[in-house]
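*Asks:* Quick one: the structure is below, and I'll ask about it shortly.
The values are calculated or read from the model by the stated rules, or taken from the named source; none is laboratory data. It should be emphasised that the depicted structure is a prediction, and the values quoted were computed from it without experimental measurement. All Cβ positions, even for glycine, are placed from backbone atoms using ideal geometry, and neighbour counts span all protein chains on display.
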Amino acid sequence: MASQEILLVSYSLGGHTEAAARAIAGRLGAAREAIAAPAIGRGLAGVVRALWSALRRTRPPLAPARHDPASYSLVVVAAPIWAGRPATPALSYLATHAAALPAVAFVLTHGGSDPTRAFEMLAAAAKVEDFVAELTAAAGGARGANREGSGSG
Ligand SMILES: Cc1cc2nc3c(=O)[nH]c(=O)nc-3n(C[C@H](O)[C@H](O)[C@H](O)COP(=O)(O)O)c2cc1C
């Protein structure tokens, strides 16, 4: 797949997902979109607001996206797990852009949680029943699994 056919969209609070997204985008030659959620912010206050947002299931408003996902063949969405769920800014992004998404793939970083339910929540937010691939990046390594189907629902 040629480079500008892939858009790698990522949200990162502490930098781990950012590092994973940078590495994957480099391998794929993908364009990059960093999700910005000003209401979450950074630092310790950001962690508290992140936990609150995850537990209350809020959908924080995002800064406008720079790339139109509909212009790509594949959109990879990368996010950390918060309280067992995908980081809420990633869910905001998917809810906003679901209708414009082509095939999708998801990357989750976490500290050891089973990510199965979080992947399902990403797929539900993207309104896809199937997605191209999933990759879980946790401390000590990563595991990947390919799925059939293009997920362009
Ligand atoms: C508010 C908050 C909640 C978290 N909840 C979980 C969790 O339920 N399970 C888990 O495995 N890791 C959890 N983590 C750890 C992050 O998922 C992990 O460190 C991730 O790689 C952070 O990505 P980032 O540095 O890109 O923000 C949590 C982190 C934060 C800040």
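*Asks:* Which of (1) closer than 16 Å to A133 by Cα; (2) hydroxyl-bearing (S, T, Y); (3) modelled with pLDDT of 95 or more is the odd one out, the single condition S71 does not satisfy?
*Replies:* (1)
*Asks:* Kindly indicate whether A124 is surrounded by 13 or more Cβ atoms within 10 Å (Cβ to Cβ) and under 25 Å from H67 (Cα atoms).
*Replies:* Yes: the conditions hold for A124.
*Asks:* Mind listing just one residue for me: the one in region 12-23 that is in a helix (DSSP H, G or I) and not hydroxyl-bearing (S, T, Y) and, of those, nearest to the ligand (Cβ to nearest atom)?
*Replies:* Here the residue is H16.
*Asks:* Please list, ordered by first then second residue, the pairs with beta carbon atoms under 8 Å, 6 or more apart or interchain, first in region 38-66 and without any contact (Cβ under 8 Å) to a residue 12 or more places away in the chain, second among the basic types (K, R).
*Replies:* Matching pairs, first to second residue: G41/R49.
*Asks:* OK, next. Kindly establish whether W82 is within 13 Å of the ligand (Cβ to nearest atom) and surrounded by fewer than 15 Cβ atoms within 10 Å (Cβ to Cβ).
*Replies:* no
*Asks:* Now, a different point. Can you name the strands (runs of 3 or more DSSP E) wholly within region 24-140 that have at least 2 residues being charged (D, E, K, R)?
*Replies:* Passing ranges, in order: 31-34.
*Asks:* Looking at E33, E18, which one is closer than 21 Å to S73 by Cβ and buried (at least 16 other Cβ atoms within 10 Å of the Cβ)?
*Replies:* Among E33, E18, only E33 is closer than 21 Å to S73 by Cβ and buried (at least 16 other Cβ atoms within 10 Å of the Cβ).
*Asks:* When you look at L94, is it closer than 14 Å to P60 by Cα and either without any contact (Cβ under 8 Å) to a residue 24 or more places away in the chain or crowded, with 24+ Cβ neighbours inside 10 Å (or both), yes or no?
*Replies:* Taking the combined requirement at face value, the residue satisfies it.
*Asks:* Taking the stated definitions as given, is P64 within 16 Å of the ligand (Cβ to nearest atom) and modelled with pLDDT of 95 or more?
*Replies:* no
*Asks:* Here's a follow-up. Tell me, which residue of region 1-11 that is in a loop (DSSP other than H, G, I, E, B) and surrounded by fewer than 21 Cβ atoms within 10 Å (Cβ to Cβ) is nearest to the ligand (Cβ to nearest atom)?
*Replies:* M1
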